[in-house]
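Reading through the structure tokens given below for one structure.
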Amino acid sequence: MLKCPRCKESTDKILNEWNYYIFHVKNYHCPLCNKNFKAYFKDGKLSHIINNSISTTQSTTQRKIIGYLEHHEEANTDEIAKALHLKIIDVLKVLQKMEKRGTVTIIE
Ligand SMILES: [Zn+2]
């Protein structure tokens, strides 16, 4: 069971799953939102969640960070900042904003 990043409703409806790079990806469906989200697992543990429908109002920085999260095995703020030539504080701000909106779930 995973919580939908939009409405926080738990769902165990997996539409499909596949391996992506070092991740095992599960495409979940939330019956409440009637929308899907992708959960990325690494070594059997949840790494991060990405909403399938990404808001068009997001900033370039957000898009870059999402792109990074989709293509890298581990994403800590330090690495994201270095890779994208951003300041750590800016990465943190954007990640926090994204987490509030439910675009990304950050797992320690
Ligand atoms: Zn939902």
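The values are calculated or read from the model by the stated rules, or taken from the named source; none is laboratory data. As the structure is a computational prediction, the values presented were derived from the model and not from experiment. Glycine also receives a Cβ, built like all others from the backbone with ideal geometry; neighbour counts cover every protein chain displayed.
Key figures
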{"quantity": "Residue list for the stretch 1-18, filter: more than 8 Å from the ligand (Cβ to nearest atom), surrounded by 13 or more Cβ atoms within 10 Å (Cβ to Cβ) and closer than 17 Å to Gly102 by Cα", "calculated": "Leu2, Lys3"}
{"quantity": "Yes/no for Asn36 being away from the ligand (no atom under 16 Å from the Cβ), outside any loop (DSSP other than H, G, I, E, B), of a type outside the set (A, V, I, L, M, F, W, C) and more than 18 Å from Gly67 (Cβ to Cβ)", "calculated": "no"}
{"quantity": "From Ile22, Ile49, residue being closer than 24 Å to Lys100 by Cβ and more than 10 Å from the ligand (Cβ to nearest atom)", "calculated": "Ile49"}
{"quantity": "Which listed residue is among the β-branched types (Val, Ile, Thr), surrounded by fewer than 17 Cβ atoms within 10 Å (Cβ to Cβ), modelled with pLDDT under 90 and away from the ligand (no atom under 16 Å from the Cβ), from Thr60, Thr77", "calculated": "Thr60"}
